[in-house]
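**Student:** Quick one: the structure is below, questions incoming.
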There are 4 protein chains.
Amino acid sequence: MTPVRRSGPDLTEAIMRTTLELGQELGYAKLSIEAIAARAGVGKHTVYRRWPSKGALLLDSLLSRSASALDYPDSGDLRADLRRQIHEAVGLLAGGPLSPLFKSLVGEAQHDPGVAEALNERFIAPQAAKTVARLEAARDQGQLSPDFDLDLAMAILSGPLYFRLLITGEPLTPEYVDRVLDALFAGMAPRP
Amino acid sequence: MTPVRRSGPDLTEAIMRTTLELGQELGYAKLSIEAIAARAGVGKHTVYRRWPSKGALLLDSLLSRSASALDYPDSGDLRADLRRQIHEAVGLLAGGPLSPLFKSLVGEAQHDPGVAEALNERFIAPQAAKTVARLEAARDQGQLSPDFDLDLAMAILSGPLYFRLLITGEPLTPEYVDRVLDALFAGMAPRP
Amino acid sequence: MTPVRRSGPDLTEAIMRTTLELGQELGYAKLSIEAIAARAGVGKHTVYRRWPSKGALLLDSLLSRSASALDYPDSGDLRADLRRQIHEAVGLLAGGPLSPLFKSLVGEAQHDPGVAEALNERFIAPQAAKTVARLEAARDQGQLSPDFDLDLAMAILSGPLYFRLLITGEPLTPEYVDRVLDALFAGMAPRP
Amino acid sequence: MTPVRRSGPDLTEAIMRTTLELGQELGYAKLSIEAIAARAGVGKHTVYRRWPSKGALLLDSLLSRSASALDYPDSGDLRADLRRQIHEAVGLLAGGPLSPLFKSLVGEAQHDPGVAEALNERFIAPQAAKTVARLEAARDQGQLSPDFDLDLAMAILSGPLYFRLLITGEPLTPEYVDRVLDALFAGMAPRP
DNA sequence: TAGTAATCGAGACGGTACGTCAAGTCTTGTC
DNA sequence: GACAAGACTTGACGTACCGTCTCGATTACTA
């Protein structure tokens with residue numbers, strides 16, 4: 001039994017993997033850096049050297065698994081593209097096994113400004129920017145009323161979904177996503 | 001020196017008051033039942049007898065200060081009524097000194113199902129129900145398109161606001177509220 | 001279901017019975033007045049009205065079961081009488097189910113002067129006095145050397161037994177009692 | 001202000017010292033690990049890491065102060081040697097400022113088997129063994145009757161002393177020690 | 001016989017301490 | 001110099017009892 005001596009990026013990766021593993025088992029509240037370090041076979045120092053808090057560590061760990069969802073298609077059909085992208089995001093945040101951790105991370109952001117900022121900069125804002133960019137492309141092609149506020153459109157799209165996810169806890173079904181899309185398009189459609 | 005012996009409702013009220021006081025000073029994360037009990041001059045048991053967790057205690061404490069915001073006016077002018085009610089809620093949750101605590105409570109709800117449920121049943125759901133009821137009244141008077149989904153309308157109204165409050169952290173200005181209302185009414189208006 | 005209302009001596013008796021019951025189940029350390037009151041179906045006040053401490057309550061409870069052992073026979077045969085009496089006491093304190101409680105009570109007496117005094121006055125001293133009295137009777141009949149210190153004899157008899165009981169924990173067998181008696185009589189016998 | 005970081009044996013020693021200090025001030029019953037840790041400027045964990053219970057801690061603390069009393073002289077004069085050794089022990093256990101703590105420790109041993117065993121193995125048994133060894137040496141030199149049970153002799157010597165110390169509370173004077181010794185030697189003397 | 005006092009059960013109360021857990025810092029020795 | 005291991009102080013957890021204290025029933029004695 002050789003106690004493998006690892007270093008650098010390997011360790012970082014291993015710690016994040018362990019964080020997600022343990023996080024899924026215990027839930028965010030019972031997750032501790034102590035336990036993560038122990039399970040990963042790593043000194044606590046090695047964790048603290050890399051991340052300043054449990055929230056920051058979880059954020060990195062989650063994002064390392066979600067890079068894929070950031071791609072945005074442009075098939076020419078705006079509605080289909082939005083739909084597809086949202087479903088992908090919903091599947092990740094609301095459906096998959098990491099959903100509780102993601103929700104807890106948003107929770108943590110409520111009292112940890114560092115986490116809030118990082119979460120915004122590295123996940124929320126890029127996603128929003130891409131949605132807005134896709135909407136702009138559509139508007140430039142005359143598919144949307146030219147005077148509709150596209151930032152607002154993005155908020156009307158995202159808001160109700162996060163509202164369900166974080167507040168009412170109602171399920172985020174595909175039907176619900178479609179209903180939101182319907183309502184949004186009804187308001188955004190170019191007036192003849 | 002008479003060590004005043006308090007009981008029942010007095011104590012409950014005093015503990016909740018202390019909770020908000022200390023919560024504002026320290027923030028939710030550093031708030032502890034230990035400290036609350038000490039500051040309130042009360043045994044820890046006396047707190048635990050009443051509330052199962054820090055979150056539950058904070059929820060009660062906050063709600064005891066927010067009963068007022070629940071009233072909903074019906075002046076005949078739907079838009080004005082919605083506007084007024086939302087501004088009142090926003091002032092409470094996003095502007096006032098209790099705003100950070102309220103946000104943290106929503107955060108806590110992400111990993112404490114008990115808090116989530118109570119928050120929903122006692123604050124979110126009643127507010128939503130009143131909004132929907134107001135919308136129904138308007139629809140029955142022909143002010144709204146009869147086939148518009150009013151639950152969805154409520155979500156489109158609340159969603160973007162909570163999105164800003166909890167996720168992006170952008171300010172919840174009156175202008176923003178108006179923009180959301182505009183977009184909503186554009187979609188809900190009866191088609192000629 | 002009539003919640004029987006008891007009073008006075010009945011209650012006192014019932015509480016002591018419960019004390020011994022629970023004490024045997026839990027051991028002295030884990031025994032609490034709280035639990036005794038609950039098990040006896042009695043308010044805590046009702047216990048505190050009667051006894052000032054757990055030790056005092058246990059002392060009374062134990063003595064109420066040990067009155068019998070106090071009798072001392074005088075059959076004319078000193079050695080046989082001592083033997084019989086000691087065996088009876090040993091059976092009670094070192095063998096029976098109450099032995100651990102009795103030992104704990106002596107333990108309690110080490111830091112509770114009230115218990116120490118009561119234990120002495122109501123149990124130890126009377127027993128010792130009777131032993132000494134029996135020895136005096138024997139001496140007056142010429143069975144013992146007239147110049148032997150009878151208080152010391154009593155201590156040489158009791159000491160080694162309590163030493164085993166409380167300190168070394170070795171078993172208090174009949175053989176051991178006999179050995180002590182032999183040694184004592186060797187020293188006390190009248191010199192021809 | 002350098003918050004001196006101590007470690008290992010230093011800490012162990014400091015905690016034991018504090019234990020005796022506080023124990024003398026408060027008495028065993030009111031002594032708490034909480035208070036010891038606080039007074040020693042140490043985390044509670046640091047105490048619990050070393051000792052499983054208050055009793056175990058006190059035992060170690062007391063023994064660390066009593067190593068001296070264990071030596072046994074052999075001057076050739078058995079009686080004088082016994083006398084000297086017993087007086088030393090009595091001075092420590094019954095006279096000095098640690099006497100109440102020692103008595104309480106014996107009390108604790110009555111309901112904590114771990115303490116009982118450790119007390120026996122580390123204090124009582126070694127002392128007894130040395131006494132017996134000294135007696136054996138004397139017997140081998142013909143100073144004692146060859147058929148006298150030396151374990152019993154030790155018990156007859158110790159028993160009455162502990163009996164006074166723990167049970168009757170009468171003072172352990174030098175005269176009393178001498179009386180016990182006289183009686184013992186009367187029984188142990190070789191028969192002509 | 002009515003009124004009053006004592007006693008009861010129940011359990012809330014302010015405390016103190018328990019023994020556990022994790023936080024974040026620091027030290028030690030290995031690779 | 002990075003690492004594992006883990007000791008350290010700190011502080012909070014949630015629990016258990018302590019001994020005191022109300023609170024309404026009963027119950028029994030007194031007027």
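The values are calculated or read from the model by the stated rules, or taken from the named source; none is laboratory data. Remember, predicted model here, so these are calculated numbers, not experimental data. Virtual Cβ from ideal backbone geometry, glycine too; neighbours counted across all protein chains shown.
**Student:** What's the number of the only condition in (1) at pLDDT 95 or above; (2) within 16 Å of DNA strand E (Cβ to nearest atom) that C:His111 fails to meet?
**Tutor:** (1)
**Student:** For A:Leu11, state whether it is away from DNA strand E (no atom under 13 Å from the Cβ), of a type in the set (A, V, I, L, M) and modelled with pLDDT under 95.
**Tutor:** yes
**Student:** Can you confirm whether region B:40-56 contains a residue that is within 14 Å of chain A (Cβ to nearest Cβ) and either without any contact (Cβ under 8 Å) to a residue 60 or more places away in the chain or more than 11 Å from DNA strand F (Cβ to nearest atom) (or both)?
**Tutor:** Yes, some residue in region B:40-56 is within 14 Å of chain A (Cβ to nearest Cβ) and either without any contact (Cβ under 8 Å) to a residue 60 or more places away in the chain or more than 11 Å from DNA strand F (Cβ to nearest atom) (or both).
**Student:** Another question about this same structure. Could you list, in sequence order, the residues of region D:161-180 that are in contact with a helix residue (DSSP H, G or I) (Cβ under 6 Å, 6 or more places away or on another chain) and more than 9 Å from chain C (Cβ to nearest Cβ)?
**Tutor:** D:Leu165, D:Glu170, D:Leu172, D:Val177 - these are the residues of region D:161-180 that are in contact with a helix residue (DSSP H, G or I) (Cβ under 6 Å, 6 or more places away or on another chain) and more than 9 Å from chain C (Cβ to nearest Cβ).
**Student:** Also, I was wondering about something else. Condition first: surrounded by 15 or more Cβ atoms within 10 Å (Cβ to Cβ) and either charged (D, E, K, R) or within 12 Å of chain C (Cβ to nearest Cβ) (or both). Now tell me which residues in region D:123-142 satisfy that.
**Tutor:** The answer is D:Phe123, D:Ile124, D:Gln127, D:Ala128, D:Lys130, D:Arg134, D:Arg139.
**Student:** Now, a different point. If we keep just the residues of region B:57-74 that are charged (D, E, K, R) and under 19 Å from B:Leu93 (Cβ atoms), which is farthest from DNA strand F (Cβ to nearest atom)?
**Tutor:** In this case the residue turns out to be B:Asp71.
**Student:** Right, another one. Condition check: outside the structural domain of B:Thr173 (by TED's automatic domain parsing), part of a helix (DSSP H, G or I) and surrounded by 15 or more Cβ atoms within 10 Å (Cβ to Cβ). Does B:Ala89 satisfy that?
**Tutor:** no
**Student:** Here is a further query. Has region B:7-20 got any residue that is in contact (Cβ under 8 Å) with a residue 60 or more places away in the chain, closer than 22 Å to B:Val106 by Cβ, within 14 Å of another protein chain (Cβ to nearest Cβ) and away from DNA strand F (no atom under 11 Å from the Cβ)?
**Tutor:** No, the conditions are met nowhere in region B:7-20.
**Student:** Can you find, within region C:143-160, the residue that is surrounded by the most Cβ atoms within 10 Å (Cβ to Cβ) among those that are aliphatic (A, V, I, L, M) and more than 7 Å from chain D (Cβ to nearest Cβ)?
**Tutor:** So, considering only residues that are aliphatic (A, V, I, L, M) and more than 7 Å from chain D (Cβ to nearest Cβ), the one surrounded by the most Cβ atoms within 10 Å (Cβ to Cβ) is C:Leu157.
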